[in-house]
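Below is one structure; the comments refer to it alone.
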Amino acid sequence: MKLTTKIFACLVAAVTICSTTYASPRAAEASGADYLVAAEDLDGLHIGSFYRYTSRELNDGYNTLSQDNIAFMVGYDVLRWASLYAFVGMGDAQLDINDFGDHGFSAIYGFGGWVSILDHDLISALSCESRIRLSATAQYMMGAPEINGVDSDFSEFYGAVTLGIVNEVLGKKDLWPDAIGLFVGPVWSIFDCDDYEATGSEAGIAFGLDVYVTRRVGISLSYETYGSEDNAVNFSLNCRF
């Protein structure tokens, strides 16, 4: 499947998730005392979801393995500048031969964390940027999709260090996000599978966009290239309490 189609499918999936959330009747709003758990203090808690597409060359010389993974995650700030999270979701794997191949679905799960390393204000009358940020993340994902009738256990270790430039949006925020950021940095993807061996580079570079809808709600979109035919696309939605 072409990369542009994958990006379009990512956006459609996000809209579909949002729309199906309200597809069934919902209870009327109630006060906190009327809920099973009245959580008054959720400081440091993160909830969100992400979509990740990867395409990898295999050692047979002509085939590629494509994966689509979507998951729901819950995280917590263990330190002021560091967070840990766990996730569970669904994955789809496919061997691409002229854009055709058998699909295999399975549950995926894993854990990860991110570290906020540096935040520096840029103060200049000629500069539109508000600050620069240096961050790092690491993630471990596992699953066992059925590919060509065979359950194929896989794991992926993913890591990234990104440098971002964040521009706060001035003026009325009703129609505009709170801030917009661009980031770039090195990434690593170490893929291991019982039945297939990836032959591409494990190191690459990522380019991305962060949209801070509010101070506590953010959307992120990024593209990773590892040279040759290996690439990845990430889309995430995160809410921090």
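No lab work stands behind these numbers, since they all come straight from the coordinates. Quick caveat, the model's predicted, so the values are computed rather than measured. Backbone-built Cβ (ideal geometry, glycine too); neighbour counts: all protein chains shown.
Residues whose amide H falls under 5 Å from that of residue 213, counting only those 5 or more places apart or on a different chain, are 178, 218, 219, with hydrogens built in the peptide plane. Karplus-based coupling profile of segment 76-89, in residue order and whole Hz: 8, 7, 7, 9, 4, 10, 9, 9, 10, 8, 10, 8, 8, x, with θ = phi - 60° in 6.51 cos²θ - 1.76 cosθ + 1.60 and x standing for Gly or Pro. Go ahead and run the numbers for FRET between residue 239 and residue 105, Cβ-Cβ distance against an R0 of 35 Å, rounding to 0.05. The pair residue 239/residue 105 has a calculated efficiency of 0.80. At an R0 of 25 angstrom, the distance between the Cβ atoms of residue 151 and residue 72 translates into a FRET efficiency of 0.60.
Starting from the Cα-Cα distance between residue 79 and residue 122, subtract it from 0.36 nm times their residue separation and give me the gain in nm to one decimal.
On the way: separation 43, 0.36 × 43 = 15.48 nm, distance 2.54 nm.
Difference between extended and current length: 12.9 nm.
Two decimals, Cα atoms only, Kirkwood Rh: what is Rg/Rh over segment 132-241? My calculation of the ratio gives 1.08. Stretched out straight at 0.36 nm per residue, the stretch from residue 47 to residue 213 would grow longer than its current Cα-Cα span by 58.3 nm.
In this label model, residue 63 and residue 136 are separated by 3.7 nm, measuring between points 7 Å along each Cα→Cβ vector.
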